[in-house]
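The values are calculated or read from the model by the stated rules, or taken from the named source; none is laboratory data. This structure is a prediction, so every number in the text was calculated from the model and none was measured. No Cβ is skipped: glycine too gets one built from the backbone with ideal geometry, and neighbour counts run over all protein chains shown.
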Amino acid sequence: MSPDFTIITPSIQLKLIPLSEAEIFTLGIKQSPSLHQWLDWTDSDFTMTDGQEFLTATRLSWIKAQAYGFGIYQRQTEQLVGMVAINEFSPTFNQASIGYWIFDRFQRQGFALKGVDALIEFAFDKLLLTRLELVCDPNNVSSQRFAERCGATFEAKARNRFIYNGKPKEGLVYSIIPDDKK
């Protein structure tokens, strides 16, 4: 899939974040303390170099078809508000995971839900996946509620389900299958 691939909905656009927007991306991360407690690669000391490396890694993952990270942009203003991604592909089981986050100043405006809904449609219609997972920290109640709003079903509390700061952590596993979106 070409890195120029774009998903357009009436209110948002999903596209690869260009390296030329590293400064906007970096500032958004630094100014979003709510992300720092859940995403171990973010903190208030996030640097321009960190931002450039993240965006470069996202592009490389895209080119290698290992993950598809999309910036979420407001269509009207063309402003970057956050990101959604499909990663952790498992070809054997025809599934992947979904990740998402929104800069603090754009939270609770519907961008995450619109972005994830568009990503789910892309995953099922274009990538032909048959299962998606959303995994969240048991203490992240907002993400649990969000997964349910996306139409995901809670399945399990999984031991050592994800790595945070180099250590395995328990994760709550939610799933979405194509029949859930009909």
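For the stretch 126-146, the criterion of being of a type outside the set (D, E, K, R), closer than 23 Å to ARG59 by Cβ and exposed (fewer than 13 other Cβ atoms within 10 Å of the Cβ) is satisfied by no residue at all. For the stretch 28-59, a residue qualifies if it is in a helix (DSSP H, G or I) and either of a type in the set (D, E, K, R) or loosely packed, with under 15 Cβ neighbours inside 10 Å (or both), and the qualifying residues are LYS30, PRO33, SER34, MET48, THR49, ASP50, GLU53, THR56, ALA57, ARG59.
With respect to the stated conditions, GLU88 fails to be without any contact (Cβ under 8 Å) to a residue 24 or more places away in the chain and closer than 22 Å to ILE163 by Cα.
Could you check, for the stretch 60-73, whether at least one of its residues is surrounded by fewer than 12 Cβ atoms within 10 Å (Cβ to Cβ) and at pLDDT 95 or above? No - not one qualifying residue is present in the stretch 60-73. Of the residues examined, GLN76 is one that is touching a residue at least 60 places away in the same chain (Cβ under 8 Å), closer than 19 Å to LEU14 by Cβ and more than 16 Å from the chain's Cα centre (by Cα).
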